[in-house]
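The values are calculated or read from the model by the stated rules, or taken from the named source; none is laboratory data. None of the values given here were measured: they were computed from a predicted structure. Positions of Cβ are backbone-derived with ideal geometry, glycine not excepted, and every protein chain shown enters the neighbour counts. To get the accessible areas, we keep the full protein, side chains included, count just its heavy atoms, and leave off ligands, DNA and RNA. Shrake-Rupley method; radii C 1.70, N 1.55, O 1.52, S 1.80 Å.
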Amino acid sequence: MEPLEIREGYLVKKGTVLNLWSAVWVVLSEDGLEIFKKKTDRSPKGMIPLKGATLLSPCQDFNKKSLVFKLTTEKKQDHFFQASHVEEREYWVKDIKRVISCLQGGKRFARKSTRHSIRLPEKVNLNELYILLKDQNDGVKELKLEQDSRVYNHCFTGATVVEWLLSKEKARNRPEALMLAAGLLTEGFLQPTGDRSKDGAEIEEQTSFLDDTKALYYFADSGFFCEGDSSDEDVLLKEEFRGKIIKQGCILKQGHLRKNWKVRKFILRDDPAYMHYYDPTKADDEPLGSIYLRGAVVTAVEFVPDAKKYDIEGNLFEIITSDETHYFLQAATAKESNEWIKVIQAVSRSGK
């Protein structure tokens, strides 16, 4: 019986020889991870066995890469992978850990139910707690806050996090809530900003997270940025980053000059309506470019001009901006392509 394919998609992997990071297509099956240079390749360039393997997430070996997890094989070979956002990392981590567990117990892969109530710190899954905390409708609200002549965008206070944990009954009392928040900070899900919270983070105690209305924090994969005493031009430049993140992930983009295809990390914001794209292998926060979506048209397409020789087919869509610039993109799956088209259409109508 062929091994079941459990999950597949783009991840950024650290090379084992040259130590360079590159975007690869990864397929998780019941016995290992297959690594392909491109999605269209018929045979993998490598396979990582998962029997007897261990997984560490988040892995903090790389200061500027907060979304890395480490997979160590039974033969003590380390492999480092980076996802495009926290939720994506946790999906991979959860399934890989389950595969390892099933191999150890000699069982077929099956996902565990997560419908249990979590209240006590020793039972809390910080990954799941973070996703709840970030929920756009029921989580902690990201705000624009001013402090010491600086404006912090997409952030919140330490006291807000503690209050949320108590109101959602994730903690029985304030010290317990503070312990959970400190865990989220230590594991890299939350980041401190501003002098007060950064000073607190340097304290090697559970109180490193401050239950304080003056201590500021932000989500690790949010649209956070800080404005200091900047010029009007700088403020205008950053205006396009003010919108709430609607969707993000890695997809293929066709270049405008050479017409070659490369994996790019895209972040879609709603107000203003922008898609920024980045090199997922770099730690640089500066985007390679942006697509202004107000009034844009997005549709699925069957083929792309000049794409035949690059073996690009399926899950394709095109964005035509209001100034008639054409962008051709390819999602990993038909489902993901439909999701991108749906959210881009909504943003193009509603975003300013």
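Has the range 299-312 got any residue that is surrounded by 13 or more Cβ atoms within 10 Å (Cβ to Cβ) and within 29 Å of Ala220 (Cα to Cα)?
no
Residues that are open to solvent by less than 10 Å² (accessible area, probe 1.4 Å) and in a loop (DSSP other than H, G, I, E, B): does the range 84-98 have at least one?
Yes, that holds for at least one residue.
Would it be correct to say that Ser66 is of a type in the set (Ser, Thr, Tyr), open to solvent by 10 Å² or more (accessible area, probe 1.4 Å) and assigned to a loop (DSSP other than H, G, I, E, B)?
yes
A quick yes/no check of all residues on (1) among the β-branched types (Val, Ile, Thr); (2) surrounded by fewer than 21 Cβ atoms within 10 Å (Cβ to Cβ); (3) within 12 Å of Asp211 (Cβ to Cβ); (4) in contact with a Cys (Cβ under 7 Å, 6 or more places away or on another chain):
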site: Glu146; (1), (2), (3), (4): no, yes, no, no
site: Ser149; (1), (2), (3), (4): no, yes, no, no
site: Leu165; (1), (2), (3), (4): no, no, yes, no
site: Lys168; (1), (2), (3), (4): no, yes, no, no
site: Met179; (1), (2), (3), (4): no, yes, yes, no
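Go through (1) open to solvent by less than 10 Å² (accessible area, probe 1.4 Å); (2) outside any strand (DSSP E or B); (3) modelled with pLDDT of 90 or more; (4) of a type outside the set (S, T, N, Q) one by one and return the number of the condition Gly223 breaks.
The failed condition is (3).
Give the residue that is farthest from Val298 (Cα to Cα), with candidates limited to residues of the range 329-343 that are open to solvent by less than 70 Å² (accessible area, probe 1.4 Å) and out of contact with any Phe, Trp or Tyr (no Cβ under 8 Å at 6 or more places or on another chain).
Once the filter is applied, the top-ranked residue is Thr333.
Quick check, is Leu288 without any contact (Cβ under 8 Å) to a residue 40 or more places away in the chain, touching a Lys or Arg at 6+ places or on another chain (Cβ under 8 Å) and open to solvent by 40 Å² or more (accessible area, probe 1.4 Å)?
yes
Scan the range 319-328 and tell me whether some residue there is out of contact with any strand residue (DSSP E or B) (no Cβ under 6 Å at 6 or more places or on another chain), open to solvent by 40 Å² or more (accessible area, probe 1.4 Å) and touching a residue at least 40 places away in the same chain (Cβ under 8 Å).
no
Scan the range 146-194 residue by residue and report those that are among the acidic types (Asp, Glu) and within 20 Å of Asn63 (Cβ to Cβ).
Within the range 146-194, Glu187 is the sole residue that qualifies.
Report yes if some residue within the range 9-24 is modelled with pLDDT of 90 or more, within 23 Å of Ile131 (Cβ to Cβ) and of a type in the set (Ser, Thr, Tyr); otherwise report no.
Yes, there is a match, as at least one residue in the range 9-24 is modelled with pLDDT of 90 or more, within 23 Å of Ile131 (Cβ to Cβ) and of a type in the set (Ser, Thr, Tyr).
Suppose we filter Glu169, Glu122 for residues that are over 24 Å from Cys226 (Cα atoms), among the acidic types (Asp, Glu) and at pLDDT below 85; which single one remains?
Within the list Glu169, Glu122, the selection yields Glu122.
Can you tell me which residue is modelled with the highest pLDDT among those in the range 232-250 that are open to solvent by 60 Å² or more (accessible area, probe 1.4 Å) and more than 15 Å from Leu293 (Cα to Cα)?
The selected residue is Lys238.
Kindly check whether there is at least one residue in the range 282-294 that is on the phi > 0 side of the Ramachandran plot and outside any strand (DSSP E or B).
No, because not a single residue in the range 282-294 is on the phi > 0 side of the Ramachandran plot and outside any strand (DSSP E or B).
Which number in (1) of a type in the set (A, V, I, L, M); (2) in contact (Cβ under 8 Å) with a residue 40 or more places away in the chain; (3) over 13 Å from Leu329 (Cβ atoms) marks the one condition that Met275 misses?
(3)
Given Ala201, Ala215, which one is of a type outside the set (Phe, Trp, Tyr), touching a Pro at 6+ places or on another chain (Cβ under 9 Å) and modelled with pLDDT of 85 or more? Full working, then the answer.
Values: Ala201 fails: modelled with pLDDT of 85 or more.
Step by step, each of Ala201, Ala215 is checked, and only Ala215 is of a type outside the set (Phe, Trp, Tyr), touching a Pro at 6+ places or on another chain (Cβ under 9 Å) and modelled with pLDDT of 85 or more.
Please go through the range 172-184 and pick out each residue that is assigned to a helix (DSSP H, G or I) and at pLDDT 85 or above.
Passing the criteria: Arg174, Pro175, Glu176, Ala177, Leu178, Met179, Leu180, Ala181, Ala182, Leu184.
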